[in-house]
Each structure stands twice: as C-alpha cells, then as structure tokens.
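Engineer: I'd like to ask some things about the structure below.
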Amino acid sequence: MPAVQETVARVREIDVDQYKYGFVTDIESDRAEQGLSEDTVRFISAKKGEPEWMLEWRLDAYRRWRTMTEPNWARVDYPPIPYEELYYYSAPKGTAGPKTLDDVDPELLKTYAKLGIPLVEQELLAGVQERRVAVDAVFDSVSVATTFQKELRQAGVIFCPISEAIREHPELVKKYLGSVVPASDNFFATLNSAVFSDGSFVYIPKGVRCPMELSTYFRINERNTGQFERTLIIADEGSYVSYLEGCTAPMRDENQLHAAVVELVALDDAEIKYSTVQNWYPGDADGKGGIYNFVTKRGDCRGKNAKISWTQVETGSAITWKYPSCILRGDNSRGEFYSIAISNGRQQVDSGTKMIHLGKNTTSKIISKGISAGRSQNTYRGLVSAHRKATNARNFTNCDSLLIGEECGAHTVPYLEAKTSTAVFEHEATTSKISDDQKFYCQQRGLSEEEAVALIVNGFVKDVLQQLPMEFAVEAQKLISISLEGSVG
Amino acid sequence: MNAEVRPIRTAAETGLIDAFERARSAQAGGEAARAIREEAFSGVVARGLPNRRVEEWKYTDLRALMREAQPIAEGATEADVSAARSLLPLQEVDALRLVFVNGAFAELLSAIDAPQGVTITPFAHALQSDARAALTLAGAPQGDAAVALNTAFVTSGVTITVAAGTKVARPIHIANVQTGPGHAAYGRVLVTIGEGAEATLIESFSGDSGGHQVNSTVGLTLGDDSKATLIKLQDEGFGTLHLATLAATLGARAELKTVALTAGAAASRQQIYLGFKGAKATADLTGAGFAGARRHLDTTLVVEHDAVGCTSRETFKTALDGEARSVFQGKIVVRPGAQKTDGKMMAKALLLSEGAEADAKPELEIFADDVVCGHGATVGALDDELLFYLMSRGLPKVEAEALLVQAFVGEVLESIEIEPLREALVARSERWLVARD
Amino acid sequence: MLSIQNLHASIEDKEILRGLTLDVKAGEVHAIMGPNGSGKSTLSYVLAGKDDYEVTAGSASLDGQDLFALEPDERAAAGLFLAFQYPLEIPGVATMTFLKTALNAQRRARGEAELPTPAFIKLVREKADGLGISTDMLKRGLNVGFSGGEKKRNEVLQMALLEPKLCVLDETDSGLDIDALKVVAEGVNALRAQDRSFVVITHYQRLLDHIRPDVVHVMSKGRIVRTGGPELAHELEARGYADYISDEAA
C-alpha cells in the first residue's frame, strides 16, 4: 500500500539511470557464428540435439523468412536491423543438457538473485501458507534452470525448457507447435520459428489445476545477440494454469533484438492466465540502446468454455511491437486482455490485441491503459472481429491514455468488424492528462508532485493491476513509478 | 520512379485512362490546369484504384466496387432536365437553388437571386482565373483516389463567396441530379465564408437508377468568427457509385455544423477532412445513414486540431438491413501545441438483419498533453427488451423496430433548425424504415 | 498564526485580490463572508498555492513562515489545510491508501517516523466513526461516487487525521442539507483547540450557527471591507450583500 513513498524513495537511490537491471554478467559463452544461414539453423538444431523433423520445420521457416519483408504498418521508427550481423545463438558455457540446480553456475545463480528471481526451492515455513512459484530461467539462448520440477511431475504437469520437450515429448510438440502461430505467420514469428533456441513448455493434463504459479524469467546478457524464445502452453480439458513471464537485459549502447513467439492452447473448459511484466532495457534518455521487442503472442481457445486471459505490464524496451491475441474458436469461450503500457524517454510502443470471435456465444474484454511521458510515442492497436457464424459475440473495450508532458504522443487505433447482427461490440477510449486539480488536491494534503503523479497513475491503472497475481502486482506498481521517473517537473 | 509491380489493370482503370485521354484536350483552365490534372491522374494510374490493402480504403475496396468507368456526362438534354424535375428533392424548402443535371448547370430548375454580399460564379470562372487554387482541394490529401480523380476530371460546379459580416438568411441549395444512361459526373463546390459571416448550405444528390458514378468535392473555408451549417442529403439511385469529399478549414472562433443523411446509392463513401486553423473554433459533424440489400455505406473522416482550444464533436449513426455494410473510419488528430483541445467522436451501427455487417475504426492521434479526447463505437442489434416492451403494448414488430430506429437516428436529424428541411429528411428516413431497401 | 498583508493576486491577468489584509491568532475562528465573485475562494487557493493564481504583491505567513516561498505540499506539511469546496475524485486510489500516503508524507516532511499500518488503521477508524464514515467508503476510490455530504465529511476526516495548525474551509456548507451540515460542523467543532485556527469561508450565515466564529469579516472586490463580531453575520443575513456591491461601483 505505501508503495508510493517506497517507490519514490527507491527511485532516488538509483543514481545515474533508473534501470536497475542494467548490469552485465561476466560469463563465458558458447556462440553460433555471426549471421544467419541454413548452417546457423542446423547449428542451433544440433546444439539442442533435435530430431530430424524439427530441423526440417526450422529450415522450412528459414527459407520462407528469406522471402518475406519486415512489416512497416506499426507506428514505430527504427534503423534497419542488421540481421546478418547478429548472433542467433549464445549459451553460457557448461549448461548443455538437463541439469539440477546444483549444477548451475554460481555466477548465474547470483545474477538471478540480484534480479530478485529465486532459483532455489525454498522450504515452506511450518504453519505459513506461502505461495510458491516454479521458475524456468532462460539466459540468452538457453534455459539454465527449472525449479520444482519433481513436484510438478507428481501432479502430471510438464514444465520444462522447450528444447527438452522436443526431445522428451515429441508427440505433444509435434501436435501443437505452430498450430496457433504458424511458422509462416509474420516476419518476426517466421524468423523465430527458424532460430528459436529455448523457452518454456507447459502441459497441464486433463482436469488438473496446476499446483503453483509457473514462471519463466528471460534475461538477455550477451552483446549483439538476438533472443528468440518460444513458449508453448497447452491446457488440456478442464485444467487451469497461471503463468508469469518476466524479462530484463543489461544496459548496452547498441540495440538488441528480441523476437519471441508464445502459443497458448486451451481445450474444453480449460483456463490459461498469462501475465507478463516486460522490463527489457529501454535505452537511455536520448534513445541510445535498448531492446527491440517484436513479439507474437496468441492464444487459441480451441475448446468450448475455454478461457484465455492476457495481462501485461509493459515498461521496458526501446520498441515494443506486441499484440497478444485470442482466437475464440470454441463455443462460449472467453478472451481477456489487460494491459498497462508505459513509455518514457524515447520509447516507442505499438501494442494491443486481437479478439477473433469464431464460436458461438464468445465473449471478450479489453482494458488498456497507456501512459506516455518524455518524448515517447505510445499506440494502442487492436482488432475485434466477429465471424458470420459467431452468433452472440460480445466485446467490451476500454482504452484510456494518459499524457505526461507535451512532447509525447498517445494514439489509439482500434478496428471493429462485426459480420453478424447478433454481435454486440462496445468500445470506448479517452485521452487526457493528469488533471492539475487532482495533483493540487494531493499536494494540499502533503504529497510532493512526484508522489501525487505516482499515486494518480497507480489509480489510473488499478483495473489492470488487479488482474496480476499478488507478488507481480506489487512489483509492477513499483515498476510503474520508476518508469515515470523524471517525467514530472 | 521505382518499378513497382502492379497487377494487370482492371477494366475501370483502363476506362479511366481512355476517358482522361479523351477529356484532357477539351478541358478548361489552360496549361496550368492541365499540369495539375495530369499530376493528379498519373498518381491514380501509378497506384491503381485503391483496394483493401490500402489502409484508408481497407473496408471500401474501390477497385472491386467500380467494375467499369462510365463515360463522362456530356451535359443535359432538354429531356434530361425535364426528367430531373421529378427527381429533385427538397423543393419545399425555401432556398436559393442551383441545380446541376448530369453535371451541367440547369438554369431552368434553378433560382438564383443572390442577396447582397453573396457572390455565386460558375466553377469554370475559377478555373480560368486561378487554376491552381480551383484545382487544389485545400486540406484534403491530394493523392487520395477520390480527390485526385475529381481533380483530373472536374469541370463543373460553383464558387460561392459570402462577404465578411454578411448573414445569409436563406439557405443555398446545391442540387445534383443524375438521369439517363449511366455516366460519370464530377463536380466541385468552393465556398468561402468571410469573417463574421453566416450561411447555411444544402447539398442534395439524387437520380434515377442508372449506373452513374458521381464524384463530388466541396471546399469550405470559414473565416474568423464565421458560422456555417452544411446539410447533405445523399439519395442517389440504387445503381449509383457515390464518392464525396468535404474539405473544411476553420478560422478562429468559427463554428461549423454538418448534418448528413445517407439514404441512397449502391455504394457511397463520404470523406471529411477538417482542419482547425484558428483558436477556439468548434465543429459538430453528424450523420445518419440507412442501407439495405447489398448496399455499402462508408463515412471516413479526419479532424485535425492544429490550433489551441478548439472543440470537435463527431456523431455518426447507421442502421443496416439485408446484407448491407457500413464503414466508419474516424480520426481525431491533435497536433503538437494544440492544447486545450476537446474532441469527442461516437459511431454507432445498428444491425437489423443477420447478414448486415459493420466495420468501425475510430482513431485518436494525439501529440499535445492538455487535451480531453475520446471516442466510442458500438455495434449491435436493437435492444430485445425494448422491442418486447413495445410489442407487448401492441405494436407489430416492424413498427416497433421502426420506432426504435427512428429514435436511434433521431438525435442527428432533430438538430436541423430549418423545419421543412428537417421534416423532409425525417420523412425520407421513415420511408426507408418501411422499405428497408 | 496567520498573517496576510496587502495581498494582491490575479488569474489570467485579471486581478481578484486587491490588497487584502487579515490577521488570525492562535485558537481563533474567523469567518469570511461576501457576495459571489468577491474573491473568497481565490483567497483559499492562493494560500494553498494553486498554480493558476499569481501573487503580484503582498505577503502571507503561517507562524512566521513565508507561505509563498513554499510548494503546496510544503505548505500542507507546515500545517495549512484547505477543505475544498469541490473535493476532487481520484479513481482507482482507495480513500484509505490516500489518507495513509498523505499522513506519512507530512510526517516525513516534519522529520517524524511513519505510522505503522495497524496503528494507522486504528486511528482512521476512530476518527471515521465519529463522522459516520463507513469502512466501505474508506475502501472506495477517493471521493468517487461519494455524495456531496460524504465528500465534505471526508474532508473533515482528513482534517482530523492530519491535525493542521490552520484550517481553511472553503464554502464547506455548499450543497449540504441541514443534517449533513450538522455532522460536518460537529466534526469541525471537535477540532477546535488553543493552538489551532480556522478561516471559515461562506456565503451564508447558517453555517455560522453551527461553527461559532470569534470574528466575522466581509469581503468585497478582493478586500476585507468590514470586520465585526458574530452579530455581523446576522446583519448580513437580514440585509444581504447589496451594500457591499453597490458602493464599489467606482
């Protein structure tokens, strides 16, 4: 609750830059040759010990990617990405193959401890009911540790690096990989399909409620390295899982490319709750450095009564290009999108969602809160469509933008497409600034201007914060204030 | 030019090229005009007619809608003029009246006794005196296909100037009637309302059911402290393709109000480009539209706030039956420095049948912080409970629906102050509610 | 306690306060009455430090501290409290959160330790009960969906919690029915103390039946034009402000 003061105090402690995750871990890496060719794809596949069918899948994607051009419809502006100069694979040395926590390089454990990510399976204190989170930690291109594996296995849940799943659970991977985001989907997804190195795989069997939150923590460390993780989550009939994703990267002068793909499949009566706190390095105040975040996330409510909910807090990255979407295929299925996107400095955000209503009686809800400060540009882009057969499709969209300062921009680009008369779509959007009167009122009660802004902004985004699991919500609240540091005055 | 690969030209594109080839030598305006027309047309040829891959035409695929290019209308015969008489709407409204039949001015049907302070001259004069001014539709994107085609082909129309301080009591009605074999008609109306002046303009479009192609442009300049009302009735025959563009610029404290009733045409698209150039001006843009069968109805507008303290309201409502489709694309832009902007946009579509379809894209593009902007959009069927309530009171379903639809669009038409005009438009909407065509 | 000397202030180049002088001693309650547009609310905003107003001449000090040298939050920490005529709504910020943030901000500014949560909750409950403010209201967004009376009670609750030296009540009676008025007045009266002063701004005398002033001032055209005892309020009630409007015609 007193996060406001705490945050402001914290911000003051950070001297030069607000980004506190900007350190570099000194660790020896195993890298692929610079640039991208069929050989790179073969190299990655070989490193992962993949079967032939997986290599073929990658090569198909690679060849297709060569014929594609980068999309340019988003409101983001950046110099050409030197795809031939990037490294497509980098792994800390000595992490090949499955491992137990004891085998993990202590330097890595230290890194994650510093980031506040527990890679130890803490014993539960007697009598204290604490919520536990199983973590899969991805460092550059590989998964370095996955906690609570044994306990999850007992529940029948598979939670492992996707590279392991390809080897150990080929029938599941074959069936679902690329079934939501096809390898040919878009420029960045296709690139990912060719060169993805790691990521998480989750399978929740029929009727199982996953006994703990699952979480993947992504860290880009290596210079000039693209990170291409791939996440696949399958919730079988009647199951439930809540999944959290966090990400950070060191401060580097050059831009780093991150092109991930996340696929969710929810079968009959299943529910997937996917939360992201995206805090990649945003670049410095002048726009130097920072992550280019081009991500394709899509969930498929494949069964009846399925539910997929995306919650995202986007505060990082120089460029965010991201539209977590729901395909509402099953009758009575439901999709939700809750988003807070904050941009400051020279950040550019173009993010939103797509709700594709195909089944009968499908419902969707979109709550988007955009906050632009500094000289940033923040765009909400969304599509809500109802297919001719999607009778009784329902959507409610609320998208609000807040501007702080006169050099930033806030934009709203929604598309509504109703092909059935039984659809009911309601969309509302507002753009405003923090009211001077509200700020004055808070100051009259003793809050500094900075505290007043932090408080009002936290109120503005509350609807979305409430969707996050508790621990994440507190963290996100602090992150929001830190991200807005320097925007007042 | 970079050699962009273009698919093979459609019949309409080929037809347009032929038509331009034939028309250019005879067009008025001399060398200056020719160069501008040439440039506008070559842009269209290079890009082709816009299709769904062109963002601004995403939902109105002109290449698909325009199967062929109709020949340019060659004026109106006596028979055309007499046929037009019965197709001319709003005759009960007391107004200065300028009637164009098949693009040609029909003096016989017109009533021009311009009052003091109002100057009305043929568009051809404007072409002769300053071709560049006449052919540049200020405030509109010149490269837009509808605007560019109009620029390339337009020869008829009118220029209206209301002198500073003049308050014109009678509305000025510009009627466009199409009759006879299918043809293409291009018109341009340029209106300047001087400082502190006031005027009301009525535009009507009507015609027989021939496959006409109407492309109209209106340039409206409002001086400081001026006031203008623009009311448009689009009641073309059901075979017509109707493209219209309104480009308006507002000076300081100017007030603009527009009301559009869209009831006709096989496919129609109304584009509005509005720019605030002076502080504290207000614009209230409204529209009601009906479509049944497989008709297509598009309203696309961009309101640019480029001055401090301006207010804009955009309210558009459509009711659709059969397999009709409506498109609303609206964008409020607030330029850097346009502080204290107040912009609100609302688009509502009512789907009365299973096969009807509505697309909406309401956008905000904001570069100034001290603003209050918002938009809303709804798509849906009539409220079942209300319908049931009315039916339980004895109203047959069709009547109950008509009552609710009338209430839905009523807000838009009720704001028209000229009573006979309001009544005529309400009557037109009532006719649609019976026919649902 | 409060000393205002020859205060001139304007908004958008329009002068509203034109040489206002006022002295309020510790423990006193002063009422400022006046017709609409006389500058009463401006005075409260200028004292609290609202951005839109420009002080062009004169001074104001609270216990010797120059108010105009302080930011609004510093003035609050120095002990100035303004009860707003129209309390602002802040959606998404629970009233409880707001109260705690404000109290601790002021305590920190004064170099005091922050109040631990259990002690804070106990304190709020105590004060809230007396004002008939429910737990539900404390959980809701600040002033969001509150009735006029609830908003004013919430202002008094904040006053009670923050324990200011000087309370400025800006038209606190506006929009209140008689019962709500009584609750608010009782809340204020309970806060009267030797070391706390009040400036009660009001258009009507009825509030002063419940909050008895020591001194009554009449304000017109940006100045105090008459000062007297409580009887002055009754006189105004009977005769209206006409005298104070017309004689300023020059």
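Engineer: Inspect all residues belonging to region A:366-373 and state whether any of them is farther than 16 Å from A:A306 by Cα, at pLDDT 95 or above, open to solvent by 30 Å² or more (accessible area, probe 1.4 Å) and part of a strand (DSSP E or B).
Structural biologist: no
Engineer: Could you check region B:100-142 and list, in sequence order, the residues that are hydrophobic (A, V, I, L, M, F, W, C) and open to solvent by 70 Å² or more (accessible area, probe 1.4 Å)?
Structural biologist: B:F105, B:L108, B:I112
Engineer: Hey, among B:G48, B:G29, B:G15, which residue is over 30 Å from B:R294 (Cα atoms) and surrounded by 14 or more Cβ atoms within 10 Å (Cβ to Cβ)?
Structural biologist: Testing whether each residue is over 30 Å from B:R294 (Cα atoms) and surrounded by 14 or more Cβ atoms within 10 Å (Cβ to Cβ) leaves just B:G29.
Engineer: Just to verify a result, which residue in region A:390-405, among those that are in contact with a Gly (Cβ under 8 Å, 6 or more places away or on another chain) and not aliphatic (A, V, I, L, M), is farthest from A:E426 (Cα to Cα)?
Structural biologist: Among residues in region A:390-405 that are in contact with a Gly (Cβ under 8 Å, 6 or more places away or on another chain) and not aliphatic (A, V, I, L, M), the one farthest from A:E426 (Cα to Cα) is A:G405.
Engineer: Can I ask one more? What are the pairs, 6+ residues apart or on separate chains, where a residue within region C:104-117 that is facing chain A (nearest Cβ under 7 Å) has its Cβ under 6 Å from a residue that is at pLDDT 85 or above?
Structural biologist: C:N104/C:E114; C:A105/A:G446; C:A105/A:L447; C:Q106/A:G446; C:Q106/C:A77; C:A109/C:A77
Engineer: Exactly one condition in (1) at pLDDT 90 or above; (2) open to solvent by 50 Å² or more (accessible area, probe 1.4 Å); (3) outside any strand (DSSP E or B) is not met by C:Q5; state its number.
Structural biologist: Answer for C:Q5: the failing condition is (3).
Engineer: Would you pick out the residues in region A:274-295 that are out of contact with any Lys or Arg (no Cβ under 8 Å at 6 or more places or on another chain), in contact (Cβ under 8 Å) with a residue 60 or more places away in the chain and open to solvent by 10 Å² or more (accessible area, probe 1.4 Å)?
Structural biologist: If the condition is that a residue be out of contact with any Lys or Arg (no Cβ under 8 Å at 6 or more places or on another chain), in contact (Cβ under 8 Å) with a residue 60 or more places away in the chain and open to solvent by 10 Å² or more (accessible area, probe 1.4 Å), then A:V277, A:N279, A:P282, A:D284, A:Y292 are the ones that fit.
Engineer: Oh, and also: Which of the residues that make up region A:331-365 are in a strand (DSSP E or B) and touching a Gly at 6+ places or on another chain (Cβ under 6 Å)?
Structural biologist: Matches in region A:331-365: A:A341, A:G352, A:T353, A:M355, A:S364.
Engineer: Looking only at region A:444-463, count every residue that is within 7 Å of another protein chain (Cβ to nearest Cβ), farther than 21 Å from A:C399 by Cβ and among the small types (G, A, S) and tell me the total.
Structural biologist: 2
Engineer: Also, quick follow-up: Take residues that are closer than 30 Å to C:G240 by Cα and tell me which of the helices (runs of 4 or more DSSP H) falling wholly in region C:133-219 contain 2 or more.
Structural biologist: C:148-162, C:178-191, C:206-210
Engineer: Being among the charged types (D, E, K, R), within 30 Å of the chain's Cα centre (by Cα) and closer than 24 Å to A:A423 by Cα narrows it down to one of B:E411, B:E419, so name that one.
Structural biologist: B:E411 is the lone residue from the list that is among the charged types (D, E, K, R), within 30 Å of the chain's Cα centre (by Cα) and closer than 24 Å to A:A423 by Cα.
Engineer: Having 3 or more residues that are open to solvent by less than 20 Å² (accessible area, probe 1.4 Å) and closer than 25 Å to C:N143 by Cα is the bar; report the helices (runs of 4 or more DSSP H) wholly within region A:382-483 that clear it.
Structural biologist: Ranges flagged: A:436-444, A:449-460, A:470-483.
Engineer: I'm told B:R188 meets every condition in (1) out of contact with any Asp or Glu (no Cβ under 6 Å at 6 or more places or on another chain); (2) closer than 25 Å to B:S415 by Cβ; (3) buried (at least 23 other Cβ atoms within 10 Å of the Cβ) except one. Can you identify the failing condition by its number?
Structural biologist: Against the list (1) out of contact with any Asp or Glu (no Cβ under 6 Å at 6 or more places or on another chain); (2) closer than 25 Å to B:S415 by Cβ; (3) buried (at least 23 other Cβ atoms within 10 Å of the Cβ), B:R188 comes up short only on (2).
Engineer: Taking the residues in region B:158-181 that are under 21 Å from B:A76 (Cβ atoms) and modelled with pLDDT under 95 as candidates, determine which candidate is surrounded by the fewest Cβ atoms within 10 Å (Cβ to Cβ).
Structural biologist: By that ranking, first place goes to B:P181.
Engineer: Mind checking which pairs have a first residue in region B:104-123 that is over 16 Å from B:G194 (Cα atoms) and a second that is part of a helix (DSSP H, G or I), Cβ under 7 Å, 6 or more apart or different chains?
Structural biologist: These pairs meet every condition: B:A106/B:V81; B:A106/B:A84; B:L108/B:V81; B:L109/B:V81; B:L109/B:A84; B:L109/B:R85; B:F123/B:A134.
Engineer: Let me ask something else. Tell me whether region C:57-71 contains one or more residues that are at the interface with chain A (Cβ under 8 Å from one of its Cβ atoms) and outside any strand (DSSP E or B).
Structural biologist: yes
Engineer: Determine which member of the set A:G359, A:G283, A:G289 is outside the structural domain of A:G238 (by TED's automatic domain parsing) and either more than 16 Å from the chain's Cα centre (by Cα) or farther than 18 Å from A:D400 by Cα (or both).
Structural biologist: Exactly one of A:G359, A:G283, A:G289 is outside the structural domain of A:G238 (by TED's automatic domain parsing) and either more than 16 Å from the chain's Cα centre (by Cα) or farther than 18 Å from A:D400 by Cα (or both), namely A:G359.
Engineer: May I ask you to verify whether A:D253 is under 13 Å from A:T296 (Cβ atoms), open to solvent by 10 Å² or more (accessible area, probe 1.4 Å) and either out of contact with any Leu (no Cβ under 9 Å at 6 or more places or on another chain) or not in a strand (DSSP E or B) (or both)?
Structural biologist: No.
Yes/no matrix, rows are residues, columns are (1) crowded, with 17+ Cβ neighbours inside 10 Å; (2) in contact with a Gly (Cβ under 8 Å, 6 or more places away or on another chain):
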residue: B:R34; (1), (2): no, no
residue: B:V44; (1), (2): yes, no
residue: B:Y59; (1), (2): yes, no
residue: B:R63; (1), (2): yes, yes
residue: B:A69; (1), (2): yes, yes
residue: B:G75; (1), (2): no, yes
residue: B:S82; (1), (2): no, no
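Engineer: Out of everything in region C:86-99 that is more than 18 Å from A:V461 (Cα to Cα) and open to solvent by less than 20 Å² (accessible area, probe 1.4 Å), what residue ends up being nearest to the chain's Cα centre (by Cα)?
Structural biologist: C:P87
Engineer: With (1) touching a residue at least 60 places away in the same chain (Cβ under 8 Å); (2) in contact with a Cys (Cβ under 9 Å, 6 or more places away or on another chain) as the list, and A:Y380 as the residue in question, which single condition is left unmet?
Structural biologist: (1)
Engineer: When you go through (1) more than 8 Å from chain A (Cβ to nearest Cβ); (2) under 28 Å from C:D129 (Cα atoms); (3) in a strand (DSSP E or B) one by one for C:Q85, which number turns out not to apply?
Structural biologist: All conditions pass for C:Q85, except number (3).
Engineer: Could you please find all residues in region A:263-313 being farther than 18 Å from A:Q467 by Cβ, out of contact with any Pro (no Cβ under 6 Å at 6 or more places or on another chain) and in a strand (DSSP E or B)?
Structural biologist: Listed by number, the residues that qualify are A:E263, A:V265, A:I291, A:Y292, A:N293, A:F294, A:V295, A:T296, A:R298, A:D300.
Engineer: Right, here's the next one. Looking at region A:134-154, can you tell me whether even one residue there is at pLDDT below 80, within 19 Å of the chain's Cα centre (by Cα) and under 25 Å from A:D269 (Cβ atoms)?
Structural biologist: yes
The values are calculated or read from the model by the stated rules, or taken from the named source; none is laboratory data. Computed from a predicted structure; not experimentally measured. So basically every Cβ, Gly included, is an ideal-geometry build from the backbone, and we count neighbours across all protein chains shown. Surface accessibility is based on the protein's heavy atoms, side chains included, excluding ligands, DNA and RNA. Shrake-Rupley method; radii C 1.70, N 1.55, O 1.52, S 1.80 Å.
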